[in-house]
Each structure stands twice: as structure tokens, then as C-alpha cells.
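Notes follow once the structure below has been shown.
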Amino acid sequence: MTDEPVKPRLRVLFWCLAVVLGALHVWAHRNDLNPDSVSYIEMAEAAVRSSWHALASAYWSPLYPTLLSVSFRILHPSMYWEFTVVHVVNFVVYLADLFCFEFFLRELLAARRTEIGSQGDLRPVPEKVFWIWGYLLFTWSNQFWLRPQQVNPDIIVA
């Protein structure tokens, strides 16, 4: 038994669902602030004002403030719009996570197809099931564990 290829329509549906849910989540929590967010924003501002040496810290990761400082250098937001820019950066990172997940799942299923091809007597679970459960788990975990609206580097690690 061979798997039917997953129709692009199903993947587009899940991409749209994940993007819309992520955007709604970020919008609904656009004014939320946690204690770490202030430190990351201040590190990014210091990097924009003075130099990249402000990103060196024994406690805080430099990657997230670097992303923020690059966006601050490009967009030059006022204090009023600064937090909005931070949430836009988080949403862009969330979209990058979604792209990486798509790549991971595609490669995993390609390796699975190769393995199943060498063992003809197995009756495998259809690929469509893997795509559906994969996207549901990705969307759920990103919305409720990593929370793209939070200003912290957790979403980058995903």
C-alpha cells in the first residue's frame, strides 16, 4: 500500500490556520509585558544607541536582543511603537518556526517513505494523518506553550 501524496490544499489550510491564530494571539496580547521583556528591549536599545557590546551578558541570551536591535535600526520606531515592533519581530520568528516545522515534517515523511518502501509487508499510517496531527500539535504547542505574544527568546529555541 502506498500513501497518496498530501494535497497542497490541506497544507495551505493548516498554514492559514496557524498564521491567523498566531496573528490573533499576538494582537490580543499586544500590550502584555513580562519582566524579561523590559531587559531584552533595553539591551536592544543599548545596542542601537552605543554598540554591539551591550549584547554581551552572562545572563541574557544575545540572539533575541540582536534581532530586536536590527529591527529597531531598520524601522526606527518611536517609544510608542517600539513594543509593536517587538511583537512584529515575534510574529516573524513564529512564521520562521512554521517554515522550519514544514521542512522537518516533509523530511521526516520522506525518510519514512524510504523505510516503508524497503519493508513491503507493513500497513503504514497514511501520511495525511501525520500532516494533520503534526500541524495541530505545532499550532497548539506554539499558542499555549511558547506563546508568540510573549517578549522572550523561547520561540526562537523551538
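Read the figures in this text as sums done on the coordinates, not as results from a lab. Everything numeric in this text was worked out from a predicted model, so none of it was measured. We place every Cβ from the backbone using ideal geometry, glycine too, and count neighbours over all the protein chains shown.
Projected label points at His53 and Asp154, each 7 Å from Cα along the beta carbon direction, are separated by 3.4 nanometres. Once the gyration tensor of the Cα atoms in the stretch 11-69 is diagonalised, the equivalent ellipsoid follows with semi-axes of 30, 14, 10 Å, ordered largest first. Taking the number of Cβ atoms within 10 Å of each Cβ as an exposure proxy, the fewest-first ranking of Asp97, Asp36 is Asp36, Asp97.
Mean-square fluctuations from a GNM of the chain, with a 10 angstrom spring cutoff on Cα atoms, peak among Glu102, Glu42, Glu115 at Glu115. Comparing Asn31, Asn90, Asn142 in a Gaussian network model of the chain where C-alpha atoms under 10 Å apart are linked, the largest mean-square fluctuation is found at Asn31.
Taking other C-beta atoms within 10 Å as the exposure proxy, Arg9, Arg147, Arg113 rank Arg9, Arg113, Arg147 from fewest upward.
Secondary-structure-derived ellipticity at 222 nm for the chain, considering helices only, amounts to -23000 deg cm²/dmol, per-run term -39500 (n - 2.57) for DSSP H runs with n ≥ 4. GNM on the chain, alpha-carbon springs under 10 angstrom: the most fluctuating residue among Ser69, Ser78, Ser61 is Ser78. Is any helix in the chain, taking whole DSSP H runs, at least 27 angstrom long along its axis by alpha carbon and on average at least -1.0 on the Kyte-Doolittle scale, and which ones? Both cut-offs are met by 8-28, 79-118. Counting only the Cα atoms, the chain fills a convex hull of 133 Å³ per residue. Once both labels are positioned 7 Å from their Cα atoms along Cα-to-Cβ, the gap between Lys128 and Leu24 label points is 2.5 nm.
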